[in-house]
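The next block holds one structure in the form of structure tokens; read it before the comments.
None of the figures in this text is laboratory data; all of them are computed from the coordinates on show. Since the model is a prediction, treat every value here as computed from it, not as a measurement. Positions of Cβ are backbone-derived with ideal geometry, glycine not excepted, and every protein chain shown enters the neighbour counts.
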Amino acid sequence: MDFVETFKDSLVYPTKNIKILFILIGLALIPGIFALILGMGAALFQDVGLILIVGIICFIVALIVGICIIGYGLNVVKSTVNLEDVLPELDLVASFLFGLKYIVLGLVFGVIISIIGGILSFIMLSLMYVSPALGIIIGIIAFVILILIYIFFLISFCRLAATENIGDALNFGEVWNDIQEINLLNIIIWGILLAIIVGVISLIVAIISGILGLIHPFITLIIAPLLGILLIPYISLFGLRATGLLYLSKED
């Protein structure tokens with residue numbers, strides 16, 4: 001796997017369709033706008049029933065928008081796996097339906113993590129009373145297992161994106177075969193590099209905000225949230241593109 005080309009391509013990818021990028025920024029703003037409306041309503045009105053109704057509406061809208069964004073993210077991975085080099089067009093209905101499949105996948109892995117995490121936590125806490133060293137060892141084992149579960153989830157996510165079939169995504173035998181084809185070490189290195197790049201980008205944005213704050217604190221109050229709004233969709237598209245390219249590398 002060529003990590004340099006993977007991340008160079010992924011960094012440029014979000015800028016290949018500025019219109020879609022700004023639409024995603026707009027969608028990401030919607031939950032915040034509704035939360036602001038709810039906050040203003042709570043401050044201006046004392047009607048608990050009205051505030052509750054507005055709150056439920058805000059939650060439903062935020063949930064629908066969130067599912068649509070997740071579904072579009074799956075489409076980004078799918079288009080990457082299909083060797084497409086530009087952002088796919090945004091179809092809100094299709095994205096919503098695709099996003100619902102992700103919810104099912106997330107619930108399955110959530111249950112798996114809860115069960116395994118609960119068992120390992122119980123064992124670790126029990127052994128801590130017998131031997132702190134054994135407890136620490138179990139803690140390390142638990143950490144490794146959770147990383148493996150995340151890797152399984154990552155590849156299941158890719159399989160869901162590629163096939164649009166939740167059954168294929170939860171076929172853990174095939175998921176393991178994909179992991180072996182990609183190479184477990186490559187996935188770990190990819191994850192570390194992805195985290196470093198996201199951290200560096202975030203640090204640069206924070207430094208820019210800090211420098212602007214030295215000019216005038218009021219500028220920071222405006223620019224910092226604006227940079228954050230722009231950064232989140234960009235980093236999301238960057239990560240999704242890199243994820244698709246990672247999965248695609250199994251065919252190399």
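Laid out as a table, the results:
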| read-out | value |
| --- | --- |
| Among Cys68, Cys58, Cys158, residue whose mean-square fluctuation peaks in a GNM of the chain (springs only between Cα atoms under 10 Å) | Cys58 |
| Where N is the number of residues in the chain, Cα Rg divided by 2.2 N^0.38 Å | 1.18 |
| Set of lysines near Lys250 by C-alpha distance (under 27 Å), chain-local residues within fewer than 8 positions excluded | Lys8, Lys16, Lys78, Lys101 |
| R0 of 25 Å, Cβ-Cβ distance Ile207-Lys16: FRET efficiency to nearest 0.05 | 0.40 |
| Inter-label distance for Leu97 and Ile23, nm, one decimal - labels placed 7 Å from Cα along Cα-to-Cβ | 1.7 |
| About the Cα centre, charge dipole magnitude for the range 3-251 (Lys/Arg +1, Asp/Glu -1 at Cβ), debye | 400 |
| Options Ile149, Ile112, Gly139, ranked by Cα towards positive dipole end of the chain, top entry (Cβ charges) | Gly139 |
| Separation of alpha-carbon centers, the range 114-146 and the range 73-96, rounded to whole Å | 40 |
